[in-house]
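Below is one structure, written out as structure tokens; the observations come after it.
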Amino acid sequence: MNFYSIKAIYKFEMARTWRTLMQSIASPVISTSLYFVVFGSAIGSRMVEIDGVSYGAFIIPGLIMLTLMTQSISNASFGIYMPTFSGTIYEVLSAPVSYVEIVIGYVGAAATKSSILGILILITARFFVDYEVQHPFMMISFLFLTAITFSLFGFIIGVWADTFEKLQIIPLMIITPLTFLGGSFYSIDMLPPFWQTVTLFNPVVYLISGFRYSFFGTADVHVGVSIGMTALFLTICIALVGWIFKTGYKLKS
């Protein structure tokens, strides 16, 4: 394993974050804080508890997941798209660096950025609502597992996309709607039986439900199912990344 090459790619990607702190870190944290102000304080103060949890605290896991997934995809997809767009990806591919090391460098940096954001939002939430984390180890595990999984997914999108517009299609048109409809702001038990069944086909439900369980000990879906679905999605992403490098899809053309 060439750790020097991994470190070089990782440091290069992280340096881009430090150069654009307002866009990479401050903007997502401020945007999420507005959700806490509007939904947590203003609307939440007029709503009853959900599963024994105040509404302001109830939405914390969903908001963190929303930011975590979108930022993981955005960071990873942009990170691999720019070298492909500029043609510098061929320098990386021709270097004595394995595909595994390339993926670890790019995906590791993207997952680190989104994990930092998730932790910052968790800290920021304390200024708006009171909450407690019943299962800290599980919460951290879900946080990092989701960041890695969706960074891999973003890496796939970055290779697939051939325009800047395509980079935004899946995060904006698919991931964000699925997150809002996946129980970020409500429990799926509040839905009619038919729509509860339909919602279970939304993969984001399992991520939010498992993450919420780590906070409050309650979930819409059994935590074991949530872990299994997350692991399944991670496996699919790893398989797709492996196929991309094996076939040279859009990398060698």
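Here is how the numbers come out for the structure above:
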| item | result |
| --- | --- |
| Qualifying residue in region 82-94 (condition: touching a residue at least 24 places away in the same chain (Cβ under 8 Å), over 18 Å from residue 244 (Cβ atoms) and not hydroxyl-bearing (Ser, Thr, Tyr)) | no |
| 3 or more residues hydrophobic (A, V, I, L, M, F, W, C) and more than 13 Å from residue 70 (Cα to Cα): qualifying helices (runs of 4 or more DSSP H) within region 161-215 | 193-199 |
| Residue 250, sole failed condition from (1) closer than 30 Å to residue 85 by Cβ; (2) among the charged types (D, E, K, R); (3) in a helix (DSSP H, G or I) | (3) |
| Qualifying residues in region 114-167 (those that are among the charged types (D, E, K, R) and closer than 25 Å to residue 53 by Cα) - the one farthest from the chain's Cα centre (by Cα) | 130 |
| Any hit, region 131-139, residues being surrounded by 24 or more Cβ atoms within 10 Å (Cβ to Cβ) and of a type in the set (Phe, Trp, Tyr) | no |
| Test: residue 244 is closer than 29 Å to residue 101 by Cα, over 20 Å from the mean Cα position of the chain (by Cα), surrounded by 15 or more Cβ atoms within 10 Å (Cβ to Cβ) and among the β-branched types (Val, Ile, Thr) | yes |
| Residue check for residue 85: assigned to a helix (DSSP H, G or I), at pLDDT below 85 and not charged (D, E, K, R) | yes |
| Among the candidates 4, 10, residue that is at pLDDT 85 or above, of a type outside the set (Asp, Glu), within 24 Å of residue 238 (Cβ to Cβ) and not in a loop (DSSP other than H, G, I, E, B) | 10 |
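The values are calculated or read from the model by the stated rules, or taken from the named source; none is laboratory data. This is a predicted model, so every value here is computed, not measured. Glycine gets a Cβ as well: all are built from the backbone with ideal geometry, and neighbour counts include every protein chain shown.
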